[in-house]
Amino acid sequence: MLASADSELDHGPRTGKSATMRMCAVSREVRPVDELIRFVVSPAGDIVPDLKRKLPGRGMWISASRKVVAEAVRRHHFSKAFKRDLRTPPTLPSDIEALLVRSVTEALAIAAKAGQVVAGFGKVEGALKDGTAEVLIHASDGAEDGIRKLDATARQNDGNRGRKAQIPVVTALKSAELDLALTRSNVIHAALLAGPASRTFLSRSQMLVRYRLADDDKTAETHGQDF
């Protein structure tokens, strides 16, 4: 849906009722805010990604896509929208991806501290079989054999907790990133158990995958709930 709004900026996160839809300053399309990234300007004149959508000041919205952010940098959309010269580093697309990865690993670490994570092939397999696993996690650089076996176990045991849909499978993090989040070495497989921290991890993982895979025209879908 194309926007007819004449302004690319909001009036701040705490002014009026929070909108659920915003216009992408690059594509000029209106999307749900969960599919966009908000940017604000720091007092020093730097562009700052406001991933939690809470920073003060007027904000500019861009589709949560590495390609679209790169285009915004290349075509000077930030300076045009804010109507001032701004320092926009060419590394902004990769900087945002790194922030999103950190956000996912932090959410996983919080879930682990809350006792909502098990790791290691045997423990993950057990959680899948007894129906306590809510999310299955594989390192993106893990061996295909182990991944295939646990995926099969997840499909076979979905009925243990009355699932109508397949358990979500997250492959967005490398083994080293899982190691950092769980403070142990050589983590290839993990599972999240029920709890609010698990839901936060899942939401942030979706954002990271969307950013990596979305193109200029549509948001990457998570077919089969794998992401």
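Before moving on, here are some points about what is shown:
- Residue check, LEU136 open to solvent by less than 30 Å² (accessible area, probe 1.4 Å), in contact with a Ser or Thr (Cβ under 7 Å, 6 or more places away or on another chain) and not small (Gly, Ala, Ser): no
- Scanning the stretch 139-162 for residues being in a helix (DSSP H, G or I) and either open to solvent by 50 Å² or more (accessible area, probe 1.4 Å) or free of Cβ contacts under 8 Å to residues at least 40 places away in the same chain (or both) gives a total of 15.
- Among the criteria (1) open to solvent by less than 50 Å² (accessible area, probe 1.4 Å); (2) closer than 22 Å to THR20 by Cβ; (3) free of Cβ contacts under 8 Å to residues at least 12 places away in the same chain, the one GLU35 does not fulfil is (3).
- Lone qualifier among LYS83, LYS113 - being open to solvent by 30 Å² or more (accessible area, probe 1.4 Å) and over 24 Å from ARG58 (Cα atoms): LYS113
- Note on the stretch 163-196: residues that are hydrophobic (A, V, I, L, M, F, W, C), in contact (Cβ under 8 Å) with a residue 40 or more places away in the chain, assigned to a helix (DSSP H, G or I) and within 30 Å of VAL68 (Cβ to Cβ) total 3.
- Evaluation of GLU106 against the conditions (1) within 14 Å of the chain's Cα centre (by Cα); (2) charged (D, E, K, R); (3) modelled with pLDDT under 95 shows that the sole unmet condition is (3).
- Considering residues of the stretch 45-80 that are part of a strand (DSSP E or B) and of a type in the set (Val, Ile, Thr) only, the residue surrounded by the fewest Cβ atoms within 10 Å (Cβ to Cβ): VAL48
Per-residue answers, yes or no, for (1) over 24 Å from VAL209 (Cβ atoms); (2) at pLDDT 95 or above:
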{"position": "SER27", "(1), (2)": "no, no"}
{"position": "LYS54", "(1), (2)": "no, no"}
{"position": "ARG58", "(1), (2)": "yes, no"}
{"position": "ARG87", "(1), (2)": "yes, no"}
{"position": "LEU100", "(1), (2)": "no, yes"}
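- Close pairs (6 angstrom Cβ cut-off, 6 or more residues apart or separate chains): touching a residue at least 12 places away in the same chain (Cβ under 8 Å) and under 19 Å from SER140 (Cβ atoms) in the stretch 93-119, assigned to a helix (DSSP H, G or I) and hydroxyl-bearing (Ser, Thr, Tyr) anywhere: LEU100/TYR211; VAL104/SER205; ALA107/THR200; ALA111/SER198
The values are calculated or read from the model by the stated rules, or taken from the named source; none is laboratory data. For clarity, every value in this text was computed on a predicted model and none was experimentally measured. Ideal geometry is used to build each Cβ from the backbone, glycine not excepted, and the neighbour counts take in all protein chains shown. Ligands, DNA and RNA are stripped out before the accessible areas are found, and what is left, the full protein with its side chains, is counted by its heavy atoms. Shrake-Rupley method; radii C 1.70, N 1.55, O 1.52, S 1.80 Å.
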